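The values are calculated or read from the model by the stated rules, or taken from the named source; none is laboratory data. Quick caveat: nothing in here was measured; it's all calculated off a predicted structure. Cβ: placed from backbone, ideal geometry, glycine included. Neighbour counts: every protein chain shown. These area figures cover heavy atoms from the full protein model, side chains too; ligands, DNA and RNA do not enter into them. Shrake-Rupley method; radii C 1.70, N 1.55, O 1.52, S 1.80 Å.
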Amino acid sequence: MQVAVTGLLCTAVNGAASINIEADTIRELLRKLVERYPKFEPLLDAGVAVVINGEIFRDNWSEPIPAGAEVVLMPRIQGG
Amino acid sequence: MSGVHVSTTINGDPVEFVCQPGEVLLDVLRNRVGLTGAKEGCGTGDCGTCSVTVDGRLVCSCLVLGAEVEGRTVTTVEGMADGADLHPLQKKFIEHAALQCGICTPGFLVAAKALLDRNPDPSEEQIRYALAGNLCRCTGYDKIVRAVQAAAKDLAVDATKPAKPAPKKTTAGKSAKKTA
Amino acid sequence: MTHNPSFTNQTFKVIGTRVPRPDGLDKVTGRARYGADASAPGQLVGMILRSPHAHAEIKNIDTSKADKIPGVKAIITSADLPDKVNGRRDMLDTLENCMARGRVLYDGHAIAAVAAIDADTAKKALKAIKVDYKILPHVTDVDEAMKDGAPIVQQWVRTAGGDANKATNVSQVSQFGHGNIEEGFAEADVIIERSYKTEQTHQGYIEPHACLASVGPDGNGELWVTTQGHYTFRTQCAQLLGMDIAKLKVTSSEIGGGFGGKTHVWMEPVALALSRKANRPVKLVMTREEVFRATGPTCSTSMDVKIGAKKDGRITAALAVLRYQDGAFPGIWGMLGGMTAWACYDLPNVKAIAYDVLVNRPKVAAYRAPSAPMAAFAVESTMDLVAQAINMDPVDFRLLNAAKEGTRASYGPTYGPIGIRATLEAVKNHPQMKAKLGPNQGRGMACGFWFNFGGQTCSTVNIGTDGTVNVSVGTVDVGGSRASLSLIAAEELGVPYETVKCTVSDTTALGHNDTTEGSRGTFSSGMAIIFAARNAVAELRARAAKTWDIPVEEVEWKDGVAYPMGDQHHNLKPLSLKDIAAKSPRTGGPIAGHNETVADGAGVSFASHICDVEVDPETGATRILRYAVVQDAGKAIHPDYVEGQFQGAAAQGIGWALNEEYVYGKDGRLQNAGFLDYRIPVCSDLPFIDTTILEIPNPGHPYGIRGVGETSIVPPLAAIGNAVSNAVGVRMNHVPMSPPRILKAIKAQRAAG
């Protein structure tokens, strides 16, 4: 599936705005990203959010990724 | 370090305390008398969360020395209710959601009461200017002003009612207790 | 039991009613206890010595004289706060911000702290501490800090992903967007390009930071503190002090305002370290001056915005370049501004480039929809200019370009059902749009967006033997959420609101709960309570089944009563929650429901505001005549408190737009660290604030709740800028639009003829 990569996270995937990767859960997606792109690991530590079909997930890494879902990687942000 | 001995009346009760000459009334109330309703928001008289009345006059207790209330009467938010009966302002603040975090609420209640005590039928503008010395960061003041307006109406209605008769003193109750 | 968080369209019995809040009585009688209202036997007064320099090396700290003062029980410096952060940079930054380590980075940075028997002794001790500084050049302006040759705030900082050898004040540069903006601009009939600046503001909570810390030699500690997140404070303090998390009990006092500024520790680790050294409780309360100088204000910014549009109103390209200062430590606030800048619109070609920059100012913290108001000021002001240039009504222009379900957001994902169009339609039809305007009066409107978040949340619902209910939550109540959460429990269990008591528990009673920020309090704890209550209902049904000796599948729960299902049980009397609770000691013991959840899927929210102003052309002073807020809440659990959030956020935005700013001198010192000269709105500055709550359900929450607390601080800056422009014909590009600035602009325009 296509995963869009935004903001500083692009630097970890050689500037690509989108990458092709298969995963059934957020946890699997992030694990595979680190395996394929080692530069991703420090950014993961700093905080990443995954948006599935418009819903932002900051912590729930067990969340399943349905087939055909739109997946976007975003920096993990907070409110006030 | 020699303390000043002060005799005063707080919320109707006689109170004595010893404080430093330079100690402000706010610190005396909070640290010596145990009344923490008045708060310190700034210490410089700019926010009004320390509002109390001294001899009926609205003051910032962070700008009054403890020693200055010798022989005077002090009223704080803790003295607003009559036992379990809340003052109409207190009731209306809850009813109208005029508080969110509530830190400014004691100061606003004291200031609003001071206003209604001298001007029972204030206009919206008069309310806003009378309360301009009290900062609120949560509400935008909208529901506070509405609560004061509602309390003013309530108090005006109360003022037209006949005064409650004083409770009769009877011996009947006492004898009933003896025989029971 | 797993629960489904998806929205189920249901009719409610108590949700949406305006009930009195449970903590109301304590708050109107002065009984409620905030951070500074607790005391402990034997407590000491803590006080902090702060740097009078914006940037300096600390050559030496001599505490010998102070040590000898009778009544001084402990003095600490960074030597008493060793690095236990295991290489975590963000925690080391927090530690260094709590107490300077060899160098001071901003005016007000903590150098040392004392604990003494009373305030006078503590003050004497601070005066007796001798510090040798080597003063270094400083920089406090975001654009100045980016120039070559600017003083470097932190020598180790490198631009992330950039030159690894170049010391810099730019900690990161991030980009968001899609499409091709060069092509987009080439297609445009009209291009407007402007630059903007906003000054630094503070959350301005009326209650200063305060805590009572007590640490024993056995490693056990207690902390009473005003905070937006006592669990987060526990984790941070435990780590910084090398304590076990479970052994540090943190109790959240009532909080006198936070707005993001109390999501971060500022002096709590110092209080704990003092207590540990003195082996006595230490009460540490910040003065108002300390709050301004040494906690977490928001960013000051410098921004460039360019919008291209066709004559028919369709935007063809949009570009924002944002420069945000994060204070003396690396931050991500600029990036967050870049993500929010264009979020309201459906744009084929869009880009936001955001710089995060260090300066010698306090460490920036979140402030209600952090980073969004500044970017919105720049974008929404420019939107009005484009609308003017093509002769289109500003609301219609926004409606034409507004995002909708299926729009690709400028920050990446595709939107589900969202409310921006609905808020714009409501603004278009709002009675305020018809109010007559006189001389020097003008009307402006603007839109705003905010993300809203979920997070880790735990809740327990305990049913007493008399049928009354205790609900324990871990999200601090900043604005009245205990009322809403009690309503939710009452709705789920089918019991009267008055029988439910909601308490914010200390850290020993529940698992970790994230801070109350990101508008998540009612959303997250609401979800956890729904699930906990449903678990309790399952147990109630089981007890009824046991009592009747029938299978639990034949028991249904409706409006607080268990009913046996099926004709064969017609002889069995229904059992109310009260009945079952009374029997609970003999049917299995106490009845409770519990839930740990990571609430995610918080919906984004939008707001549109209308503002009418009158500007005095002789003084430049602006008066707000009328103000209206329209915002999508998903579902308003307690409408009074939703309205309160709209009004409070708008008031903060109005203060930010018109008066509030940090003023730094050439010496790099904060000039206006008090409420007299840092001027927040007072009662006489504002009119009644009209509110309209729209309810477009959030598909990710059982009741459709969206976060509401933050979004309405986003539109006011531009709504007022647009109103001022329409009132007196000057386009303000520098916030706050204080009287001197407006007067200067009016005079310049007159001079230009």
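As a quick test, which of the pairs C:84/C:277; C:351/C:666; C:262/C:428 have an alpha carbon distance above 26 angstrom in this structure? Working shown, then result.
On the way: C:84/C:277 17 Å; C:351/C:666 35 Å; C:262/C:428 37 Å.
C:351/C:666; C:262/C:428, as the Cα separations exceed 26 Å there.
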Evaluated over chain C, the Cα radius of gyration and Dmax, each in Å: 27.6, 93
query: Can you give the Kirkwood hydrodynamic radius of the range C:300-341 from its Cα pairs, in Å with one decimal?
result: 11.9 Å
query: R0 = 51 Å: FRET efficiency of residue B:117 with residue C:405, Cβ-based, nearest 0.05?
result: 0.35
- prompt: Which aspartates and glutamates have a Cα less than 12 Å from the Cα of residue C:310, not counting those fewer than 8 places away in the same chain?
  reply: C:187, C:189
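Tell me the relative contact order for chain B as a rounded percent, counting alpha carbon contacts under 8 Å between residues six or more apart.
20 percent
Restrict the search to the range C:609-700; then list the GluC sites (Glu not before Pro) that DSSP places in a loop and that have at most 15 other Cβ atoms within 10 Å of their Cβ. Display every interim value, and only then the final one.
Details: sites: C:614, C:618, C:643, C:660, C:661, C:695; in loops: C:618, C:660, C:661, C:695.
Here the GluC sites (Glu not before Pro) that fit, given the DSSP loop and packing criteria, are C:618.
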field: Taking only Cα atoms of the protein assembly as shown, radius of gyration then Dmax in Å
entry: 29.1, 102
field: Whichever aspartates and glutamates have a C-alpha closer than 17 Å to that of residue C:123, once near sequence neighbours (fewer than 8 apart) are set aside
entry: B:23, B:27, C:62, C:67, C:289, C:290
- prompt: What is the spin-label model distance, in nm, from residue C:553 to residue C:9 if the labels are put 7 Å beyond Cα along the C-beta direction?
  reply: 3.1 nm
field: Three-way shape label, the range C:116-269, alpha-carbon gyration tensor, a/c 1.5
entry: prolate
task: Evaluate the relative contact order of chain C (contact order divided by residue number), counting alpha-carbon pairs under 8 angstrom at least 6 apart; express in whole percent.
output: 16 percent
- prompt: the range C:288-317: which residues show an accessible-area loss of 10 Å² or more, assembly versus chain alone, 1.4 Å probe?
  reply: C:288
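Would you mind computing the Rg to Rh ratio of the range B:88-160 from its alpha-carbon coordinates, Kirkwood style for Rh? Intermediate values should be presented prior to the final figure.
Values: Rg = 11.1 Å, Rh = 11.9 Å.
Here the Rg-to-Rh quotient is 0.93.
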message: Quick check: residue separation of residue C:167 and residue C:666 times 0.36 nm, minus the Cα distance between them. What number comes out in nm?
response: 177.2 nm
message: For the interface of A with C, what's the total buried accessible surface in square angstrom, probe 1.4 angstrom, rounded to the nearest hundred?
response: 2200 Å²
query: Using a probe radius of 1.4 Å on protein heavy atoms only, what is the accessible area buried between chains B and C, both sides summed, to the nearest 100 Å²?
result: 3800 Å²
20 Å reach of a label modelled at residue C:83, 7 Å along Cα-to-Cβ, counting backbone N of the range C:97-137: C:97-106, C:110-112
- prompt: Given labels modelled 7 Å from the Cα in the Cβ direction, how far is it in nm from residue C:189 to residue C:130?
  reply: 7.6 nm
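Summarise the accessible area of the range B:4-79 (1.4 Å probe, protein heavy atoms) by the percent that is carbon and sulfur.
48 percent
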- prompt: Does a label point 7 Å from the Cα of residue B:158, set along Cα-to-beta-carbon, have any residues of the range B:89-116 with amide nitrogen under 20 Å, and which are they?
  reply: B:89-99, B:105-116
message: Skipping prolines and chain starts, which residues have an amide H placed within reach, meaning under 5 Å, of the one on residue C:250, given they are 5 or more residues away or on another chain?
response: C:223, C:507, C:508
field: Anchor residue C:573: lysines whose Cα lies under 29 Å away (excluding residues fewer than 8 positions away in-chain)
entry: C:13, C:501, C:546, C:558, C:583
- request: For the range C:239-319, build the convex hull from the C-alpha positions and give me its volume per residue in Å³.
  value: 217 Å³
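If r is the Cβ-Cβ distance from residue A:62 to residue C:508 and R0 is 22 Å, what FRET efficiency results, to the nearest 0.05? Before the final figure, lay out each step's value.
Working: r = 27 Å, r/R0 = 1.22.
My answer for the efficiency is 0.25.
Could you provide, to the nearest whole Å², the per residue accessible area of the protein assembly as shown with probe 1.4 Å? Write down the numbers at each step before the final one.
Values: 37760 Å² over 1013 residues.
Here the residues of the protein assembly as shown average 37 Å² of exposed surface.
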- prompt: In the range A:60-80, which residues become less accessible by 30 Å² or more once every protein chain is in place, relative to the chain on its own, using a 1.4 Å probe?
  reply: A:60, A:70, A:74, A:75, A:77, A:78, A:79, A:80
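If you wrap a convex hull around the Cα atoms of the range C:605-660, how much volume per residue is inside, in Å³? Mind dumping the intermediate values first?
Details: hull volume 4.4 nm³, N = 56.
Spread over its residues, the Cα hull of the range C:605-660 gives 78 Å³ apiece.
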Projected label distance in nm at residue A:41 and residue C:143, using a 7 Å step from Cα toward the beta-carbon: 4.3 nm
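Fully extended, how many nm does the chain gain between residue B:73 and residue B:31 (0.36 nm per residue separation, minus their Cα-Cα distance)? Don't skip to the answer; put the middle values down first.
Working: separation 42, 0.36 × 42 = 15.12 nm, distance 1.86 nm.
Net length gain for the segment: 13.3 nm.
Tell me, what % of the accessible area of the range B:88-160 is carbon and sulfur with a 1.4 angstrom probe?
Details: 1290 of 2570 Å².
Looking at the range B:88-160 in its full context, I get 50 percent from C and S.
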query: Measuring from a point 7 Å past the Cα of residue B:63 along Cα-to-C-beta, which residues in the range B:1-36 have an amide N at less than 20 Å?
result: B:22-30
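Given a Förster distance of 25 Å, report the FRET efficiency between residue A:27 and residue C:244 from their Cβ-Cβ distance, rounded to the nearest 0.05. Could the numbers behind the result be given before it?
On the way: r = 28 Å, r/R0 = 1.11.
About 0.35, to the nearest 0.05.
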